[in-house]
Amino acid sequence: MKGIRKAVFPVAGLGTRFLPATKAVPKEMLTVIDRPVIQWVVDEAKEAGIEHFIFVTGRNKGVIEDHFDRQFELEETLRRRGKREALEMLEKDLPQAGQTSFTRQQEPKGLGHAVWCARELVGNEPFALLLPDMLIQGMPGCLKQMMEVYERTGGNVIAVEEVPREDVHKYGVVGMGERLDDRSFRITSMVEKPPVEEAPSNFIISGRYILQPEIFDILAGQEPGAGGEIQITDAMKTLLERQEFWAVQYEGETHDCGSRLGFLEANVAFGLEHPEIGEDVRRMIGKLMAREI
Ligand code: G1P
């Protein structure tokens, strides 16, 4: 079985739900505490052993590329001022030379199309796909938990989460087959953003995938689906006729940063867990809650 070395991060979305914040700043660069959303997701991939980071970007996203590069003036200034800790942190976060690739999705044709844009960079090997909208606080991280299942099953692996039935229409939903263990099961069907009454379960796809490269040939001919967009879920549904798909109910807390509320929740949740400011965040929330409204 081939190991997973590469991860794809689709970061071409316009972020219209966060205007005006995202007028000049990509939504993936908005910060949760002191790290951009995309950095948290790259950290998760690194922890899982990923060695090559592929970003599918779009116009006005150049700053993401800058973020994963050196910033000489800044480093020099920090060095001169003796800010060793800050320097070491920047160094630790910096990918090694040649570990990142960037390509552009030229038109907003959907997530499936964005993934297809990475086909040459991924090549003929299985890969991880991480959607930065979903921030997952897991110990270990979600992708690492998925890797452990993949090592046993091979095939394709998707992270799923149980949500209240009335929320399934916002996500891709999977049908449940035989259990592998108490945290993973075989996937029998998939549907993107179904009406509640047509959903095969309340297990939603939560933005982390391990996929075999055959997905690219299917994506090449994929017709638009839900929302008039080329959907990765539709392509996976076709692949499911030929290959196995396994679901992982990861341990951890998911924050859907695609919405303002989810983004705020991520900030509060990561703040509470933060080793330096966690206690203060708790006190601050207590103070705010005690206010007379
Ligand atoms: C995408 C996927 C969907 C998944 C969701 C998770 O939808 O198509 O299957 O459940 O991400 O965030 P989007 O949020 O891009 O509409």
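Readers should treat all values here as calculations from the given coordinates under stated rules, not as data from a laboratory. No experiment lies behind these values; they were computed from the predicted model shown. Heads up, the Cβs are rebuilt from the backbone with ideal geometry, glycines too, and the neighbour counts pull from every protein chain shown.
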Self-check item: Reciprocal of mean inverse Cα separation for segment 61-195 (Kirkwood radius, Å)
Solution: 18.8
Practice problem: Mind checking which lysines have their Cα closer than 18 Å to the Cα of Lys83? Skip sequence neighbours fewer than 8 apart in that chain. | Solution: Lys92
Quiz prompt | Computed helical MRE - 222 nm, the chain, DSSP H runs ≥ 4 contributing -39500 (n - 2.57), nearest 500 | solution = -9500 deg cm²/dmol
Practice problem: Of the DSSP beta bridges with both residues in the chain, give the percent that are antiparallel, rounding to the nearest 5. | Solution: 60
Self-check item: Relative contact order, percent, the chain [alpha-carbon distance under 8 Å, six or more residues apart]
Solution: 21
Practice problem: For the chain, count all C-alpha to C-alpha pairs, find those more than 36 Å apart, and express that count as a whole percent of the total. | Solution: 16
Self-check item: Local net charge near Asn202, Cβ-Cβ under 11 Å (Lys/Arg +1, Asp/Glu -1)
Solution: -3
Quiz prompt | Peptide ranges 95-102, 79-86 listed from the most packed, as the mean C-beta count within 10 angstrom indicates | solution = 95-102, 79-86
